[in-house]
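J.: One structure follows; several queries about it will come next.
Just so you know, all these numbers are worked out from the coordinates, no wet-lab data involved. No experiment lies behind these values; they were computed from the predicted model shown. Glycine also receives a Cβ, built like all others from the backbone with ideal geometry; neighbour counts cover every protein chain displayed.
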Amino acid sequence: MDFRLTDDQRALQEGVRKLLEGRFGRERLRAAVDGPGVGPEASLDRALWRELGDAGFFALRLPERDGGVGLGLPEAVLAFEEAGRALLPGPLVATHLAAATVPGAATGERVVTRVDGELVEWLDAADHVLGNAAGAVPVRSVDPLTPLHRVPGAAGGDVPEPDAVPAALLTAAEQLGSAGRTTEAAVRYAGEREQFGRPIGSFQAVKHLCARMLVRTETARAAVYGAAVTGEAVEIAGAKLLADDAAVRNARDCLQVHGGMGFTWEADVHLHLKRAWVRAERWPTEREAAELLAAALR
Amino acid sequence: MDLTYTEEEEEFRARLRAWLAATLPGLPPRPDPRDWPGRRAYDTAWQRRLYDAGYAGLHWPADAGGHGATPTQHLIFLEETELAGAPYVGANFVGLLHAGPTIAAEGTRAQCSRWLPPILRGDEIWCQGFSEPDAGSDLASLRTRAVRDGDAYVVTGSKIWTSHAEVADWCELLVRTRPVSADVPGHRGITWLALPMNAPGVSVRPLRTLAGTTEFAEMFLDEVRVPAAHRVGEENDGWRVTMVTLSFERGTAFVGEVVACRRTLRALAEAARGNGRWDDQEVRRTLGRLNAEFTALWRLTQWNVSEAQRAGGVPGNSGSVFKLRYSHARQELYDAAARVLGPGGLDLSHDWTADRLSSLSYTIAAGTSQIQRNIVAERVLGLPKGR
Ligand SMILES: Cc1cc2nc3c(=O)[nH]c(=O)nc-3n(C[C@H](O)[C@H](O)[C@H](O)COP(=O)(O)OP(=O)(O)OC[C@H]3O[C@@H](n4cnc5c(N)ncnc54)[C@H](O)[C@@H]3O)c2cc1C
């Protein structure tokens, strides 16, 4: 047993981080948020999408003989964790999952989205929809970088489709990335911002907020990585539950550490919180995950 | 990320399982928790069996009398013994998890050969005399004084919350050998001594815990002479000597307990299905969330063990992250048990009620949650020291 990342996994993690820093760094993020095409009109950066395709983001788990990278769930989780850190927009999970079935998805030429419960992300931008989005009506999405549609009456399918389990894991990985990023942001701000003549990070109340954030992140990390290795459905539901909790609560604590600045549009923390809320609504939600995990207690 | 065990590790597991299956049925019944001599006899007899079978000090280095097992083998040992329902370390805790490793790391050859074999054989029990009435979280402010007199230290003061003091043969004692002053901060004047509990001037007054039993004691030291040869490490270097191994306590101390908690959780679900509480969605979902929690804690354990394996067996500060999460989760587990039991949760004859009471100490003992958060914030996240 050696649960640590292998050298190859570390290299992959670093590679994706570099790629995203270069192609979707803070300036690009802010340009997307502050640009005209925000909310329901948000437009997907097709050039970036194809670059992600070229880099193997969508084809990561396709066998090499099918033009893929031939890696597994643990590697996909590492890549999606980076996407979550960077707040990379778009129906990443759906397109990744469609790599083997929808032509053009693997290369990033086509954008694929999926119906998840009652919600569909990026419906207008997508070339292909998994599931039935008939009758979908646009929603004024809380997340400026995730346009949403609601499909009335679509929820309540008892048996999730086969892709739902890996989709939950990859979503959990994105949440983990966000939780780690907000922890770093809070710690950095706590070390820089001074009040009462010293860094606010020297006040214990602030310190303890940051410590709790790290504990949530590291617990979620163990859960998400473990679930990636076993691929087991119940363990994945548990990972989603803990990663949702870490992402949402860490974003809240990060906001608190930033004071008034945290309440501004200009600080990135609200983007993490809003995206975390969107991802928490994907299957399984807290309620659904808790029921699955309870049923598995035998 | 590899969670499969090597062939060698699986062989180790199989041998251990076979030994446990052959050995456990022959054990005497567990003693009453109030019967301390009985508890000591039971715990040390188990340790002796481990010793005879070659499992004592499994992960200790060979020159300390151990078997030099890897952290992963140690993990397997803790997992399998718990799964099989074997006894806990019990009264052997301090000797095996703290005093022993400290002596092995910092003691002279003579000290190692005097103190380590009896710990491994279960012949001698140790307790830990660190906390004092006025020095708990702020351990470095301890005041029990030791004055050198010829070839001995004369020790006067008092200790408190000393677990197993009633039945211990030795105490790993922290004493002040240099007064605190403007240029000597508290932790620079502390010395580590091995105190024989039967020395003249030592008196022990058991303290009753909220669970009703006497798990710890107050210890009074009145001009107790401790031979200077019982000092481990240099005079005034006791703080460092102690801290070298303190993280061991947080590293692997709870492996067996996480396994046990997962079993308890399944038993809770079964009980809830049996008594109708399962239909209460709040209860049911709480159990579901705890399933995620304890699965994650097990993965976190495997993560920390993998990290320790790379670091040559030394656990890092990740132990604090684990302890924070685990101590809280354990309390939630037994709160959930009370909800499953309903009125039965008030019945002390139920194990879960007793365990609920003892779980209350988890966020206090071995460094309170507040202190652990300070450690995480300052040592892991690098936030500035201060208030
Ligand atoms: C079951 C049990 C067994 C024990 N066994 C032993 C043993 O064998 N040997 C031994 O030496 N000790 C033992 N202890 C003692 C234990 O280590 C101490 O209780 C613990 O370190 C806390 O010290 P204290 O009780 O003096 O509380 P205090 O330090 O007085 O703390 C009281 C409260 O103040 C908070 N606090 C204190 N300082 C700070 C700070 N800087 N920042 C924020 N909050 C703070 C604490 O978190 C706590 O909530 C045991 C304790 C228990 C409960």
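J.: Please report A:Tyr225, B:Tyr5 as a ranked list, fewest other C-beta atoms within 10 angstrom at the top and most at the bottom. Present the calculation step by step, with values, prior to reporting the outcome.
T.: Working: A:Tyr225 27, B:Tyr5 16.
By the 10 Å Cβ count, ascending, the order reads B:Tyr5, A:Tyr225.
J.: Give the separation of the Cα centroids, region B:189-220 to region B:129-163, in Å.
T.: Computed from Cα coordinates, the inter-centre distance equals 11 Å.
J.: Under the Kirkwood approximation applied to all pairs of distinct alpha-carbon atoms, what is the hydrodynamic radius of region B:126-235 in Å? The partial results should precede the final answer.
T.: On the way: mean 1/r = 0.0713 Å⁻¹.
Result for region B:126-235, one decimal place: 14.0 Å.
J.: Taking just the C-alpha trace of region B:86-139, give me its Rg and Dmax in Å.
T.: 12.9, 38
J.: Please list, in order along region A:230-241, the HN-Hα scalar couplings obtained from phi with the Karplus expression 6.51 cos²θ - 1.76 cosθ + 1.60 (θ = phi - 60°), rounded to whole Hz, x for Gly and Pro.
T.: Calculated HN-Hα couplings, in order: 7, x, 7, 4, 5, 5, 5, 4, x, 5, 5, 4 Hz.
J.: Here's another thing I want to ask about it. Could you grab the relative contact order for region A:144-298? Cα pairs under 8 Å, six or more apart, rounded to a whole percent.
T.: After rounding, I find 29 percent.
J.: For a quick check: with amide H placed at 1.01 Å from N, whose amide H comes under 5 Å from B:Tyr153's, ignoring anything fewer than 5 positions away on the same chain?
T.: Those qualifying (amide H under 5 Å, at least 5 residues apart or on another chain) are B:Val226, B:Ala228.
J.: Right, something else. Take the alpha carbon atoms of region B:254-380, find their radius of gyration, then divide it by 2.2 N^0.38 Å using N residues; give the quotient.
T.: Normalised by 2.2 N^0.38 Å, the Cα Rg of region B:254-380 equals 1.16.
J.: Quick one: the Cα spread of region B:199-287 along its three principal axes, in angstroms, biggest first?
T.: That gives 64, 30, 17 Å along the principal axes, largest extent first.
J.: Let me ask something else about it. Tell me the angle of helix A:164-192 to the major Cα principal axis of chain A, expressed in degrees between 0 and 90 and rounded to the nearest ten.
T.: Roughly 20 degrees between the two axes.
J.: Remind me, relative contact order of region B:1-146 in percent, using alpha carbon pairs under 8 angstrom and six or more residues apart?
T.: Details: 138 pairs, mean separation 32.4, N = 146.
Dividing the mean separation by the residue count of region B:1-146 yields 22 percent.
J.: Using helices alone, what [θ] at 222 nm do you get for chain B, with -39,500 (n - 2.57) per DSSP H run of 4 or more residues, divided over all residues and rounded to the nearest 500? Numbers along the way, then the final one.
T.: On the way: 11 runs with 174 residues, N = 387.
My calculation for chain B gives -15000 deg cm²/dmol from helical runs alone.
J.: Which residue fluctuates most in the GNM of chain B (Cα springs below 10 Å): B:Ala91, B:Ala229, B:Ala22?
T.: Highest fluctuation of the listed residues: B:Ala22.
J.: Which of B:Ala182, B:Trp170, B:Val244 sits closest to the plus end of the dipole of region B:162-268, meaning its Cα is farthest towards the positive end, when Lys and Arg get +1 and Asp and Glu get -1 on the C-beta?
T.: The residue sitting farthest along the positive end of the dipole is B:Val244.
J.: I would also like to ask the following. Quick one, what does Rg over Rh come out to for region A:11-67 if you take C-alpha atoms and the Kirkwood Rh? The partial results should precede the final answer.
T.: Working: Rg = 13.9 Å, Rh = 13.0 Å.
Answer for region A:11-67: 1.07.
J.: What angle do you read, to the nearest 10 degrees and between 0 and 90, between the alpha-carbon axis of helix B:238-252 and the longest principal axis of chain B?
T.: With both axes taken from Cα atoms, the answer is about 10 degrees.
J.: Suppose a student asked you for the relative contact order of chain B, using Cα pairs under 8 Å spaced at least 6 residues apart; what percent would you report?
T.: 13
J.: In debye to the nearest 20, how big a dipole does chain A give about its Cα centre with +1 on each Lys and Arg Cβ and -1 on each Asp and Glu Cβ? Provide the component values of the computation, followed by the final result.
T.: Values: 34 positive and 42 negative charges, 166 e Å.
Here the size comes out at about 800 debye.
J.: Using the count of nearby Cβ atoms within 10 Å as a rough guide to exposure, how do B:Ile76, B:Ile375 rank from fewest to most?
T.: Details: B:Ile76 23, B:Ile375 20.
Least to most surrounded, the residues fall as B:Ile375, B:Ile76.
J.: Explain nothing, just compute: Karplus ³J(HN,Hα) = 6.51 cos²θ - 1.76 cosθ + 1.60, θ = phi - 60°, for every residue of region A:267-283 in order, whole Hz, x for Gly and Pro.
T.: 6, 7, 4, 5, 5, 5, 5, 5, 5, 4, 4, 4, 5, 5, 7, 5, 5
J.: Across bins of 10 angstrom width beginning at 0, how are the C-alpha pair distances of region A:7-158 distributed, in whole percent?
T.: So the P(r) values, bin by bin, are 11, 38, 36, 13, 1.
J.: Could you work out the equivalent-ellipsoid semi-axes for region B:108-188, taking the square root of 5 times each eigenvalue of the Cα gyration tensor, largest first, in whole Å?
T.: Numbers: eigenvalues 132, 58, 26 Å².
Computed over region B:108-188, the values are 26, 17, 11 Å.
J.: By counting other Cβ atoms within 10 Å of each Cβ, how are B:Ile371, B:Ile103 ranked from fewest to most? Numbers along the way, then the final one.
T.: Working: B:Ile371 16, B:Ile103 26.
Ordered from fewest to most neighbouring Cβ atoms within 10 Å, B:Ile371, B:Ile103 come out as B:Ile371, B:Ile103.
J.: If you don't mind, there's one more thing I want to ask. Exceeding 24 Å between C-alpha atoms, which entries from my cross-link table qualify? They are A:Lys240/B:Lys385; A:Lys207/B:Lys159; A:Lys240/A:Lys274.
T.: Working: A:Lys240/B:Lys385 35 Å; A:Lys207/B:Lys159 31 Å; A:Lys240/A:Lys274 17 Å.
The answer is A:Lys240/B:Lys385; A:Lys207/B:Lys159.
J.: Please give the FRET efficiency for B:Asn236 paired with A:Arg4, using the beta carbon to beta carbon distance and R0 = 45 Å, rounded to the nearest 0.05. Spell out each step's value before the answer.
T.: Details: r = 38 Å, r/R0 = 0.85.
Efficiency for this residue pair is about 0.70.
J.: Applying the Karplus parametrisation 6.51 cos²θ - 1.76 cosθ + 1.60 with θ = phi - 60° to the phi angles of region B:202-217, what ³J(HN,Hα) value in whole Hz is obtained for each residue in order, glycine and proline being reported as x?
T.: Taking θ as phi minus 60°, the curve returns 9, 10, 10, 10, x, 10, 8, 8, 5, 7, x, 9, 9, 7, 9, 8 Hz for region B:202-217.
J.: Between Rg and the Kirkwood Rh of region A:164-297, both from Cα atoms, what is the Rg to Rh ratio?
T.: Numbers: Rg = 15.9 Å, Rh = 15.1 Å.
Checking Rg against Rh, the ratio lands at 1.05.
J.: While we're on this one: Can you tell me the convex hull volume per residue for chain A, based on C-alpha atoms, in Å³ to the nearest whole number? Each step should come with its number before you reach the end.
T.: Working: hull volume 42.9 nm³, N = 298.
Cα convex hull per residue, to the nearest whole number: 144 Å³.
J.: Please report, for the Cα atoms of the protein assembly as shown, the Rg to one decimal and the Dmax as a whole number; what are they, in angstrom?
T.: Cα radius of gyration and Dmax of the protein assembly as shown are 28.0, 93 Å respectively.
J.: Measure of size requested: the Rg and Dmax of chain B, with Cα atoms as the atom set and Å as the unit; please supply both.
T.: Just the Cα atoms of chain B yield Rg and Dmax of 21.5, 72 Å.
J.: To the nearest 20 Debye, how big is the dipole of chain B about its Cα centre, given +1 on the beta carbon of each Lys and Arg and -1 on that of each Asp and Glu?
T.: On the way: 44 positive and 47 negative charges, 127 e Å.
Using only the charged Cβ atoms, the result is roughly 620 debye.
J.: Can you tell me the 0 to 90 degree angle between the C-alpha axis of helix B:36-53 and the longest principal axis of chain B, rounded to 10?
T.: Helix B:36-53 sits roughly 80 degrees off the main axis of chain B.
J.: Are there GluC sites (Glu not before Pro) in region A:74-139 that DSSP puts in a loop and that have at most 15 other Cβ atoms within 10 Å, and which ones? Before the final figure, lay out each step's value.
T.: Working: sites: A:Glu75, A:Glu81, A:Glu82, A:Glu109, A:Glu118, A:Glu121; in loops: A:Glu109, A:Glu118.
For GluC sites (Glu not before Pro) across region A:74-139 that sit outside H, G, I, E and B with at most 15 neighbouring Cβ atoms in 10 Å, the list reads A:Glu109.
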